[in-house]
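The values are calculated or read from the model by the stated rules, or taken from the named source; none is laboratory data. The structure displayed is predicted, hence computed values, not measured ones. As a convention, Cβ positions derive from the backbone with ideal geometry for all residues, glycine included, and neighbour counts pool all protein chains shown. Ligands, DNA and RNA are excluded from the accessible area calculation, which covers all protein heavy atoms including side chains. Shrake-Rupley method; radii C 1.70, N 1.55, O 1.52, S 1.80 Å.
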Amino acid sequence: MWNGIIAKYKDFFDIKDEEKIITLNEGNTPLIPAKNIGEMLGGINLYLKYEGLNTTGSFKDRGMTMAVTKAVQEGSRAIICASTGNTSASAAAYAAKAGLKCYVLIPNNKIALGKLAQAILYGAEVIPVEGNFDDALRIVREIAAEGKVTLVNSINPYRLLGQRSGAYEVCDQLEGKIDYLSIPVGNAGNISAYWAGFKDYHKAGKLEKLPVMLGFQAEGAAPIVEDRIFEEPETVATAIRIGNPASWDKAVAARDESKGLIQKVTDIEILEAQKLLASREGIFVEPASAASIAGVMKLSKEGYLQKGKNIVAVLTGNGLKDPSVVSPEKHIKTYGVKTEEIKTLIYRSLGSDQND
Ligand SMILES: *Cc1c(COP(=O)(O)O)cnc(C)c1O
């Protein structure tokens, strides 16, 4: 039985009391070959690490199991975070499991409804703030510094440790044959964690060649790409709507040490990639996750990615969390209970004339 990432990769984690691990059996997510898109892009071997199948629907669970396990073992009674949505959903769930109080500060009106519903139902105290993510993060850092509540944003070092398990898994799944790793970049913790994870495996002799790291920010929230803070970040990809990433330096180091890139993609490219993933591969991700595919498509068109290379794209979150990208009115017209009428519609669509 799979018992979560701490049990699986305990050689890499310093967890003493195995009785007191707080887990929701996160991790072990599938690596799905994207044959259709790979062919479309000239024959690259594209693999999708579908992190939307973690227990709360995003990769944040990998870090949260570590952060909350450590918080409990250190005697903490409450956790706090700022969140664009998925961190709050994950923190709230692990707090529920552990019996801790959980406080989440969210940027007002800027978080997807599915994520908000999760945090509320898991029983967190949700505190909307009239400001953006960076403002909310500043406040929770100040409060956590007083020592009464444990901060579980990715500046908590245990978060990034746990998130390294994503890299361990893709190495195990591909037997180390990874040329490129493509990943969305928001607060820049995940790209840093993957790079650290690959280096761990390399050092342990489980990975021969380190992959090249490819990070993608949204055009309206691209501080690392443009090397400046974005005071008012804006993008449909709310999970990466961050203007001053906490792990900025680590992400730049991952990029440079791996001889990789961090580039930007537009909201239109992100939404097109999201649609393509759903309609060609059967995988529904949230907009931020699609940035990794938008980036692969862009680099492929520029001739950067060659045929036969193994590329892993991390699909960070489940599309069901944020269905607002689809307007039902545009897609749903109700028909009468009339077989003939519906048959005509379907056969016309099939390009057939069997309906006469
Ligand atoms: C948190 C998150 C990101 C960004 O990850 P960082 O570690 O902040 O760079 C991307 N996509 C989704 C779905 C997320 O929840």
For this session: Can you sort Glu272, Glu169 by 1.4 Å-probe accessible area, starting with the largest?
Result: Glu272, Glu169
Exercise. Hey, how many Å between the Cα centroid of region 227-253 and the Cα centroid of region 258-296?
Worked result: 17 Å
For this session: Counting only C-alpha contacts under 8 Å and six or more residues apart, can you give the relative contact order of the chain as a whole percent?
Result: 19 percent
Problem set entry | Met1 versus Lys330: modelled label distance in nm, points set 7 Å from Cα along the beta carbon direction | 4.5 nm
Seminar exercise, completed: Per DSSP, the loop-located GluC sites (Glu not before Pro) within region 274-356 having at most 12 other beta carbons within 10 Å are Glu302
Problem set entry | For region 190-281: relative contact order, % (alpha-carbon pairs under 8 angstrom, 6 or more apart) | 33 percent
Exercise. With every protein chain present, what is the per residue accessible area of the chain (1.4 Å probe, Å²)?
Worked result: 46 Å²
Seminar exercise, completed: In whole percent, the fraction of accessible protein surface over region 59-151 that belongs to carbon or sulfur atoms, probe radius 1.4 Å, stands at 50 percent
For this session: Show me 314-325, 125-136 ranked by packing, highest mean number of other Cβ atoms within 10 Å first.
Result: 314-325, 125-136
Seminar exercise, completed: Note on region 59-151, DSSP bridge orientation, antiparallel percent to nearest 5 equals 0 percent
Exercise. Where does the chain land at 222 nm, in deg cm²/dmol rounded to the nearest 500, when only DSSP H runs of n ≥ 4 count, each adding -39500 (n - 2.57), divided by all residues?
Worked result: -13000 deg cm²/dmol
Exercise. So what is the relative contact order for region 59-151, in percent, with contacts set as C-alpha pairs under 8 Å and at least six apart?
Worked result: 32 percent
Exercise. Which distance in Å, rounded to a whole number, links the C-alpha centroids of region 1-72 and region 132-178?
Worked result: 13 Å
For this session: Would you mind getting me the FRET efficiency between Val129 and Glu340? Use the beta-carbon distance for r and R0 = 51 Å, nearest 0.05.
Result: 0.35
Exercise. What list of ³J(HN,Hα) values in whole Hz, one per residue of region 54-70 in order, does the Karplus curve 6.51 cos²θ - 1.76 cosθ + 1.60 (θ = phi - 60°) give from phi, with Gly and Pro shown as x?
Worked result: 5, 4, 9, x, 8, 5, 4, 4, 4, x, 5, 4, 6, 4, 6, 4, 5
For this session: Just read off the accessible area of Thr344 with the full protein assembly in place, 1.4 Å probe, to the nearest 10 Å².
Result: 40 Å²
For this session: For the chain, go through all pairs of different Cα atoms, get the mean of 1/r, take its inverse, and jot down that Kirkwood value in Å.
Result: 20.9 Å
Seminar exercise, completed: Rounded to the nearest 10, the angle in degrees between the Cα long axis of helix 133-144 and the longest principal axis of the Cα atoms of the chain comes to 20 degrees
For this session: Treat each spin label as a single point 7 Å out from the Cα along the C-beta direction, and report the Tyr304 to Lys110 distance in nm.
Result: 2.6 nm
For this session: Quote the accessible area belonging to Leu271 in square angstrom, nearest 10, computed with a 1.4 Å probe and with ligands, DNA and RNA left uncounted.
Result: 60 Å²
